[in-house]
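Chemist: What follows is a single structure, and I will ask about it in a moment.
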Amino acid sequence: MIMRWFPNGDDKVTLSQIRQVPGVSGVATMLPFVPAGDIWTPEQIGSVKKEINDAGLEMEVIESVNIHEDIKKGLPSKDKYIENYIKTMKNLSDAGVKCICYNFMPVLDWYRSDLYFPLPDGSNCMAYSHSYASTLTSDMMTKDMIEGCNDLTLPGWEPERFPQMAADIEYYNNISRDEYFSNIKYFLDAVIPYAEEYDIDFGVHPDDPPFPLFGLPKVVNNAEAIRRYLALNPSRRNGLTLCTGSLGANIENDIPSMAREFASEGKVPFVHLRNVRHTSETDFHESAHLSECGDLDMFAIVKALYESGFNGYIRPDHGRMIWGETGRPGYGLYDRALGSNYILGLWEAIRKLNT
Ligand code: DNO
């Protein structure tokens with residue numbers, strides 16, 4: 001069990017607080033100040049690792065090493081960025097990293113239409129309205145997210161992305177989904193042999209939300225798309241970050257069955273566990289992790305993982321903001337701490353009932 005944490009003073013939650021959450025042994029982190037496409041140097045990695053290890057925690061998971069847009073677009077400059085990516089993998093492996101979470105979403109990483117949606121219990125959480133999102137331009141969307149971020153960087157909304165966003169959207173509107181998948185395959189075939197050599201599992205993160213915006217292709221949004229993605233390169237290292245909230249936003253996705261299918265193939269190195277409550281077929285708000293607080297059956301998901309021999313990393317995903325806490329939306333301490341211990345409780349009960 002790990003928790004997400006951002007280095008360089010860019011997190012209100014401290015490593016010593018995380019260390020005190022029972023059962024949490026490490027963090028998933030990243031170097032937010034290194035632009036996508038640049039090499040993460042051993043010195044940069046080493047100094048974050050030292051800080052984490054000094055706090056008594058492990059740094060075995062990186063979320064994310066972002067992929068340069070030229071790779072996603074399949075431009076000739078992609079090879080240079082892929083070469084840099086492989087060097088970063090080597091440097092991370094030398095520092096003991098075992099898992100890289102990344103995504104292949106074009107232009108946008110994730111989006112919510114409300115970062116502070118009020119719940120009846122007085123807490124707040126993030127929410128999504130598809131009809132609202134569909135009225136936005138990329139500039140309006142960026143403005144919403146930046147204004148809501150509480151002066152902390154929002155992962156996936158790094159300022160370097162903004163200037164060319166509108167042009168990028170247009171670019172992707174002019175390539176087919178098949179072409180996009182061939183760009184993914186090109187990337188995977190280049191990096192996965194190194195993942196094997198460096199002992200690193202790759203976990204692609206699903207599209208979040210799983211519904212199309214700005215006409216951009218969706219790549220990892222249901223079981224069929226995941227099967228297609230994993231088949232692009234058959235290595236076990238080409239895996240999935242099973243994000244229950246992202247996939248669960250589509251009510252047609254059966255998350256326990258996806259967990260069972262992909263974890264039993266050994267293709268799930270990393271799980272993001274969170275719950276969502278739908279207010280319509282496409283609209284939802286995030287919720288406390290407990291099954292009864294949302295639409296996902298956390299017991300069924302954890303049971304499917306357990307029974308499929310899952311032995312990767314889990315982190316509690318986006319929690320609510322509770323008890324007056326302020327900070328990066330989705331990434332407060334308290335609700336994620338509650339969530340992690342609920343999940344660990346489910347795991348313990350299932351394990352003991354099975355042994
Ligand atoms: C949002 C996160 C995503 C995720 C990336 C992985 O809160 O779940 O930003 O980290 O998509 O590359």
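Just so you know, all these numbers are worked out from the coordinates, no wet-lab data involved. Because the structure is a prediction, the values reported are computed rather than measured. Every residue, glycine as well, gets a Cβ built from its backbone with ideal geometry; the counts of neighbours run over all protein chains shown.
Chemist: Could you check region 294-319 and list, in sequence order, the residues that are under 17 Å from the mean Cα position of the chain (by Cα) and in a loop (DSSP other than H, G, I, E, B)?
Modeler: GLY312, ASP317, HIS318, GLY319
Chemist: Next question. Take region 135-163 and flag every residue that is surrounded by 13 or more Cβ atoms within 10 Å (Cβ to Cβ), polar (S, T, N, Q) and out of contact with any Pro (no Cβ under 8 Å at 6 or more places or on another chain).
Modeler: First pass over region 135-163, keeping only residues surrounded by 13 or more Cβ atoms within 10 Å (Cβ to Cβ): 136, 138, 141-146, 148-150, 152-158, 161-162.
Checking which are polar (S, T, N, Q) leaves us with 138, 142, 150, 153.
Scanning region 135-163 gives SER138, THR142.
Chemist: Within the set of pairs 6+ apart or on separate chains, which have a first residue in region 326-341 that is free of Cβ contacts under 8 Å to residues at least 40 places away in the same chain, a second that is away from the ligand (no atom under 16 Å from the Cβ) and outside any helix (DSSP H, G or I), and C-beta atoms under 8 Å apart?
Modeler: From residues that are free of Cβ contacts under 8 Å to residues at least 40 places away in the same chain, the pairs are TYR334/ILE322; TYR334/TRP323; TYR334/GLU325.
Chemist: Okay, moving on. (1) crowded, with 22+ Cβ neighbours inside 10 Å; (2) touching a Pro at 6+ places or on another chain (Cβ under 7 Å): which one isn't true of GLY248, the others all being true?
Modeler: It is condition (2) that GLY248 fails.
Chemist: Please go through region 297-355 and give me each residue that is in contact with a helix residue (DSSP H, G or I) (Cβ under 8 Å, 6 or more places away or on another chain), basic (Lys, Arg) and within 16 Å of the ligand (Cβ to nearest atom), ordered by number.
Modeler: ARG315, ARG320
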